[in-house]
Amino acid sequence: LQAERVDNPFKIMGTLSEWQDSLGRFCVGNSRLVLSVSAALAAPLLYLAGAESGGLHLVGGSSLGKTTALVVAGSVNGGGGVRGYVLQWRATANGLEGVAAAHCDALLCLDELSQVTPQAAGETAYMLTNETGKTRASKQGTARKPAEWRILFLSTGEITLADKIREDGKSRAMAGQLVRVVDIDADAGAGLGLFEDLHGFPDGDAFSRHLKEAAKRAYGVVLRAFLEKLTADHDEALRVVTTLIKTFTAEHCPAGADGQVRRVCNRFALVAAAGEIAVHYSVLPWPKGEATQAAARCFRDWLALRGGTGASETQAGLEIGRAHV
């Protein structure tokens, strides 16, 4: 077999109850943690819902807890090794093709957007969400079948994707990129960085350290438990996912919003649906409505960071106009 070896990211340790007790229950009341864990379970629903691939990018200064959210989300799928399930943005677009294919229908966690060049950031965002790699020639000169995938990715960085692409002074983010990769302010606004409820821990640092340590002892079991229930309940799950997405969009997407906003709202709706279904399956130890509430909060925060409900091109034009007044 002439193929590059890819380590299995979906390793298992511990039990579902151990994950629920040491990680899952601490997500309650923390919108960014709930969203991140729900996103990990939304990835397998992409095919079921006929949804497009995309990314959620947690943006903000250092020491807010962004990487902790990645670690907790990653523990849903797998772990082991030095960094567990989390990977780095620092990779070539070509290298990420294999990684994306290995994470098909699963969450991909990418830390530290600052590690890549502006051009690579834009290209990678398009490649991951286009669901296909480059077409290349084989040794015989014929075209090889490009790698394909469906994927949701969760990313972190101190700046937005648009700001990253503008760093070279020559490029700017296109509307398609900004819809495919959604920027979410990592600071939840409670004075605790990414967190809103420390669950009795003395400070955010202690809470973060507990979550990271717990993720080393229990991982990979949540995804398997979810998929077992999902595959045994396929037809009903399809009906429920469709209904939940429609309900979320109807309730939370502003009237008259541009189609770009509706596309993003649908992604948050899918994430909310995944969390609610996992609660129904008793996979996640959260109260009913927790995932929906967190997704709605993060969607509103995205809208606030974006600056409006119109087309990105219009918003960008207004910003340029204001800058020259």
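The values are calculated or read from the model by the stated rules, or taken from the named source; none is laboratory data. Source: prediction; values computed, not measured. Methodologically, a virtual Cβ is constructed for each residue, glycine included, from the backbone with ideal geometry; neighbour enumeration extends over all protein chains shown. SASA here: full protein model, heavy atoms, side chains in, ligands and nucleic acids out. Shrake-Rupley method; radii C 1.70, N 1.55, O 1.52, S 1.80 Å.
Only one of (1) 55; (2) 45; (3) 67 was calculated from the structure for percent of Cα pairs over 26 Å apart, and its label is (2). Per residue, the accessible area of the chain comes to 46 Å² when a 1.4 Å probe rolls over the protein heavy atoms. Taking every DSSP bridge with both residues inside the chain, close to 20 percent are antiparallel.
Close amide-amide hydrogen proximity is noted between Phe153 and Gly54, Gly55, Leu56, Leu108, each under 5 Å apart and 5 or more residues distant or on a separate chain (H modeled in the peptide plane; Pro and chain starts excluded). In a Gaussian network model over the chain where Cα atoms closer than 10 Å are linked, find which of Tyr219, Tyr126, Tyr85 has the largest mean-square fluctuation. So, out of Tyr219, Tyr126, Tyr85, the one fluctuating most is Tyr126. Computed over the chain, the per-residue total of -39500 (n - 2.57) for DSSP H runs of n ≥ 4 gives a 222 nm mean residue ellipticity of -15500 deg cm²/dmol, rounded to 500. Let me know the shape class of segment 48-87, please: from the alpha-carbon gyration tensor, a ≥ b ≥ c as square roots of the eigenvalues, rounded when a/c is under 1.5, otherwise prolate if a/b is greater than b/c, or oblate. Oblate, since a/c reaches 1.5 and b/c is not below a/b. Taking the average, over residues, of other Cβ atoms within 10 Å as the packing measure, peptides 9-21, 146-158 rank 146-158, 9-21 from highest down. Using C-alpha pairs below 8 Å separated by at least 6 residues, the relative contact order for the chain is 27 percent. Our summary gives segment 80-131 a relative contact order of 46 percent, counting only alpha carbon pairs under 8 angstrom and 6 or more residues apart. Please give the net charge around Ser75, taking every other residue with its beta carbon less than 10 angstrom from that of Ser75, where Lys and Arg add +1 and Asp and Glu add -1. Around Ser75, the surrounding residues sum to +3. Go ahead and run the numbers for FRET between Thr231 and Glu148, Cβ-Cβ distance against an R0 of 25 Å, rounding to 0.05. In this case the efficiency is close to 0.70. The protection proxy used here, the mean number of other Cβ atoms lying within 10 Å of each residue, ranks peptides 273-281, 45-53 as follows, highest first: 273-281, 45-53. Within the accessible area of the chain, the carbon and sulfur atoms contribute 52%, probe 1.4 Å, all protein chains present. Could you work out which residue, out of Gly256, Gly61, Gly24, moves most in a Gaussian network model of the chain, that is, has the largest mean-square fluctuation with Cα springs under 10 Å? Answer for the Gaussian network model of the chain: Gly256.
Taking other residues whose beta carbon is less than 15 angstrom from the beta carbon of Glu52, and scoring Lys, Arg as +1 and Asp, Glu as -1, yields +2.
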